[in-house]
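Participant: Below you'll find the structure I mean.
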Amino acid sequence: MKDVREALMVGRNTEGKLVRRPLSPHLQVYKPQLSSVTSVFHRGTGIALGAGALLLTAWLVSAAAGDAAFSVVRALLASWIGLLVLVGFTLALFYHFCNGIRHLFWDSVRGFELEATHRNGRMVIAGAVVLTVVFWFVGFLVW
């Protein structure tokens, strides 16, 4: 055996004879479906929210540290890249929120039919986009 992966490909069939197992197909073979994409996005937005919590913590620490530190963080967040990060964080927040509501419905054993999962998946994406746009529209009106 050349490496450990070859040892993992060896298995036994129903008669107990040693056989080589096939490698399982990965992203190159399967076409992404709405249910798998929404699942991956839910996990990704959870990670993004963790990073956003660190950003929020940095903002609060800079506010407590004094005017000089706060003005630096405020200028960074008010730049175009900072606004892009904040809009992305808001989109992640609303997506994770809407998909969490979808999971609550699933916990009550509703919406598992194929057409229903496609419909509520599209509703989650649309809801997250609409909520983000409304939030930032109101935010820029107040700002």
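The values are calculated or read from the model by the stated rules, or taken from the named source; none is laboratory data. Model, not experiment: these values are computed from the prediction. The area values use the complete protein model at the heavy-atom level, side chains included, leaving out ligands, DNA and RNA. Shrake-Rupley method; radii C 1.70, N 1.55, O 1.52, S 1.80 Å.
Participant: Can you tell me the length gained on complete extension of the stretch Val37 to Ala51, counting 0.36 nm per residue apart and subtracting the Cα distance?
Facilitator: Extending this stretch completely gives an extra 3.0 nm.
Participant: Which residue fluctuates the most in the chain, going by a Gaussian network model with Cα springs under 10 Å, if the choices are Val19, Val130, Val85?
Facilitator: Of Val19, Val130, Val85, the Gaussian network model singles out Val19 as fluctuating most.
Participant: Need the full-extension length gain, Met123 to Val61, defined as separation in residues times 0.36 nm minus the C-alpha distance. One decimal, nm.
Facilitator: Extra length from Met123 to Val61 when fully extended: 18.6 nm.
Participant: For helix 114-142, report the angle its Cα long axis makes with the longest principal axis of the Cα atoms of the chain; keep it between 0 and 90° and round to the nearest 10°.
Facilitator: For 114-142 against the chain, the angle is about 20 degrees.
Participant: For the chain, rounded, prolate or oblate, judged on the Cα gyration tensor with a ≥ b ≥ c (square roots of eigenvalues), a/c < 1.5 rounded, else prolate if a/b > b/c?
Facilitator: Note, shape of the chain comes out oblate.
Participant: How large is ³J(HN,Hα), in whole Hz, for each residue of the range 69-83 in order, when computed from phi with the Karplus curve 6.51 cos²θ - 1.76 cosθ + 1.60 and θ = phi - 60°, using x for Gly and Pro?
Facilitator: So the J values, rounded to whole Hz, are 5, 5, 5, 5, 5, 5, 5, 5, 6, 7, 6, 5, 6, x, 5.
Participant: Shifting gears a bit: How much area per residue is accessible in the range 35-142 when the probe is 1.4 Å and only protein heavy atoms are counted (Å²)?
Facilitator: Accessible area per residue: 67 Å².
Participant: Determine the calculated [θ] at 222 nm for the chain from helices alone, applying -39500 (n - 2.57) to every DSSP H run no shorter than 4 residues and normalising by the residue count; nearest 500 deg cm²/dmol.
Facilitator: Mean residue ellipticity at 222 nm (helix-derived): -25500 deg cm²/dmol.
Participant: Please give the contour-minus-distance gain from Ala68 to Glu115: 0.36 nm per residue of separation, less the Cα-Cα distance, rounded to one decimal in nm.
Facilitator: 11.5 nm
Participant: Could you give each residue of the range 98-103 its phi-based ³J(HN,Hα) in whole Hz, using Karplus coefficients 6.51, -1.76, 1.60 with θ = phi - 60°, and x for Gly or Pro?
Facilitator: Taking θ as phi minus 60°, the curve returns 5, 6, x, 5, 4, 5 Hz for the range 98-103.
Participant: Classify the range 45-85 as rounded, prolate or oblate from the Cα gyration tensor: take a ≥ b ≥ c as the square roots of its eigenvalues, call it rounded if a/c is under 1.5, otherwise prolate when a/b beats b/c and oblate if not.
Facilitator: Oblate shape, in that a/c is at least 1.5 and b/c is the bigger or equal ratio.
Participant: Provide the solvent-accessible area of His103, counting protein heavy atoms only and rolling a 1.4 Å probe, rounded to the nearest 10 Å².
Facilitator: 70 Å²
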